[in-house]
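Reviewing the structure listed below.
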Amino acid sequence: MFGLGIPELIVIFVIALVVFGPKKLPELGKSIGRAMAEFKKASEDFQDSVRTEMREVEREASVKEDIKHLEQSVQDETKAVEDSAIAQKRHDDATVQEEHAAEAAYGEKQKERRS
(Lines give C-alpha, C1' and ligand atoms only; values in the text may rest on other atoms or scores of the structure.)
Protein backbone atom coordinates (compact mmCIF):
# COMPACT_ATOMS: atom_id res chain seq x y z
CA MET A 1 0.00 0.00 0.00
CA PHE A 2 1.78 3.16 1.22
CA GLY A 3 4.63 1.50 3.06
CA LEU A 4 2.37 0.63 5.99
CA GLY A 5 2.78 -2.75 7.58
CA ILE A 6 0.35 -4.76 9.67
CA PRO A 7 1.46 -3.19 13.00
CA GLU A 8 0.89 0.34 11.66
CA LEU A 9 -2.55 -0.59 10.31
CA ILE A 10 -3.53 -2.08 13.68
CA VAL A 11 -2.48 1.14 15.45
CA ILE A 12 -4.52 3.23 12.98
CA PHE A 13 -7.54 0.93 13.42
CA VAL A 14 -7.35 1.18 17.23
CA ILE A 15 -7.07 4.99 17.11
CA ALA A 16 -10.03 5.18 14.69
CA LEU A 17 -12.04 2.86 16.98
CA VAL A 18 -11.32 5.07 20.00
CA VAL A 19 -11.99 8.35 18.17
CA PHE A 20 -15.14 7.37 16.22
CA GLY A 21 -16.52 4.52 18.29
CA PRO A 22 -17.71 1.09 17.16
CA LYS A 23 -21.03 2.38 15.71
CA LYS A 24 -19.50 4.98 13.34
CA LEU A 25 -16.51 2.86 12.27
CA PRO A 26 -18.36 0.78 9.60
CA GLU A 27 -19.84 3.96 8.07
CA LEU A 28 -16.41 5.59 8.10
CA GLY A 29 -14.91 2.50 6.42
CA LYS A 30 -17.56 2.62 3.68
CA SER A 31 -16.97 6.33 3.14
CA ILE A 32 -13.22 5.85 2.94
CA GLY A 33 -13.69 2.89 0.58
CA ARG A 34 -15.95 4.93 -1.72
CA ALA A 35 -13.54 7.85 -1.67
CA MET A 36 -10.62 5.58 -2.54
CA ALA A 37 -12.61 3.97 -5.37
CA GLU A 38 -13.52 7.39 -6.77
CA PHE A 39 -9.92 8.53 -6.46
CA LYS A 40 -8.74 5.39 -8.24
CA LYS A 41 -11.28 5.91 -11.04
CA ALA A 42 -10.31 9.58 -11.41
CA SER A 43 -6.66 8.59 -11.48
CA GLU A 44 -7.29 5.98 -14.20
CA ASP A 45 -9.35 8.48 -16.22
CA PHE A 46 -6.53 11.02 -15.94
CA GLN A 47 -3.96 8.44 -17.03
CA ASP A 48 -6.15 7.44 -20.00
CA SER A 49 -6.53 11.06 -21.09
CA VAL A 50 -2.77 11.62 -20.81
CA ARG A 51 -2.11 8.47 -22.87
CA THR A 52 -4.66 9.58 -25.48
CA GLU A 53 -3.06 13.02 -25.73
CA MET A 54 0.42 11.49 -26.00
CA ARG A 55 -0.74 9.22 -28.84
CA GLU A 56 -2.23 12.25 -30.60
CA VAL A 57 0.99 14.23 -30.18
CA GLU A 58 3.02 11.28 -31.49
CA ARG A 59 0.64 10.92 -34.43
CA GLU A 60 0.95 14.64 -35.24
CA ALA A 61 4.74 14.42 -35.00
CA SER A 62 4.69 11.42 -37.31
CA VAL A 63 2.48 13.28 -39.80
CA LYS A 64 4.80 16.29 -39.71
CA GLU A 65 7.78 14.04 -40.34
CA ASP A 66 5.96 12.36 -43.23
CA ILE A 67 5.17 15.79 -44.69
CA LYS A 68 8.85 16.76 -44.48
CA HIS A 69 9.83 13.55 -46.29
CA LEU A 70 7.21 14.20 -48.97
CA GLU A 71 8.37 17.79 -49.41
CA GLN A 72 11.95 16.57 -49.82
CA SER A 73 10.83 13.95 -52.34
CA VAL A 74 8.93 16.57 -54.33
CA GLN A 75 11.96 18.86 -54.31
CA ASP A 76 14.22 16.01 -55.44
CA GLU A 77 11.83 15.02 -58.23
CA THR A 78 11.41 18.66 -59.30
CA LYS A 79 15.18 19.05 -59.49
CA ALA A 80 15.46 15.84 -61.52
CA VAL A 81 12.77 17.04 -63.95
CA GLU A 82 14.42 20.45 -64.26
CA ASP A 83 17.81 18.85 -64.92
CA SER A 84 16.24 16.56 -67.51
CA ALA A 85 14.51 19.50 -69.19
CA ILE A 86 17.78 21.47 -69.29
CA ALA A 87 19.62 18.49 -70.79
CA GLN A 88 16.87 18.02 -73.39
CA LYS A 89 16.98 21.74 -74.27
CA ARG A 90 20.75 21.57 -74.73
CA HIS A 91 20.37 18.52 -76.91
CA ASP A 92 17.65 20.21 -78.96
CA ASP A 93 19.76 23.37 -79.32
CA ALA A 94 22.74 21.31 -80.45
CA THR A 95 20.54 19.47 -82.95
CA VAL A 96 19.19 22.76 -84.33
CA GLN A 97 22.73 24.12 -84.66
CA GLU A 98 23.81 20.97 -86.46
CA GLU A 99 20.82 21.29 -88.80
CA HIS A 100 21.64 24.95 -89.46
CA ALA A 101 25.27 24.03 -90.12
CA ALA A 102 24.18 21.22 -92.44
CA GLU A 103 21.78 23.58 -94.27
CA ALA A 104 24.52 26.18 -94.58
CA ALA A 105 26.96 23.58 -95.92
CA TYR A 106 24.32 22.33 -98.33
CA GLY A 107 23.68 25.91 -99.42
CA GLU A 108 27.40 26.45 -100.00
CA LYS A 109 27.63 23.27 -102.05
CA GLN A 110 24.67 24.40 -104.12
CA LYS A 111 26.35 27.78 -104.73
CA GLU A 112 29.56 26.04 -105.75
CA ARG A 113 27.70 23.80 -108.19
CA ARG A 114 25.97 26.78 -109.74
CA SER A 115 29.18 28.66 -110.16
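The values are calculated or read from the model by the stated rules, or taken from the named source; none is laboratory data. Computed from a prediction, not measured in an experiment: that's the story for all the values here. Here the Cβ positions follow ideal geometry from the backbone for every residue, glycine too, while neighbour counts run over all protein chains shown.
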- For GLU108, state whether it is at pLDDT 85 or above, part of a helix (DSSP H, G or I) and surrounded by 10 or more Cβ atoms within 10 Å (Cβ to Cβ). no
- Message: Just to be sure I understand the filter: pairs with C-beta atoms under 8 Å, separated by 6 or more residues or on different chains, first member in the stretch 52-63 and among the basic types (Lys, Arg), second member modelled with pLDDT of 95 or more and not in a helix (DSSP H, G or I). Which pairs pass?
- Response: none
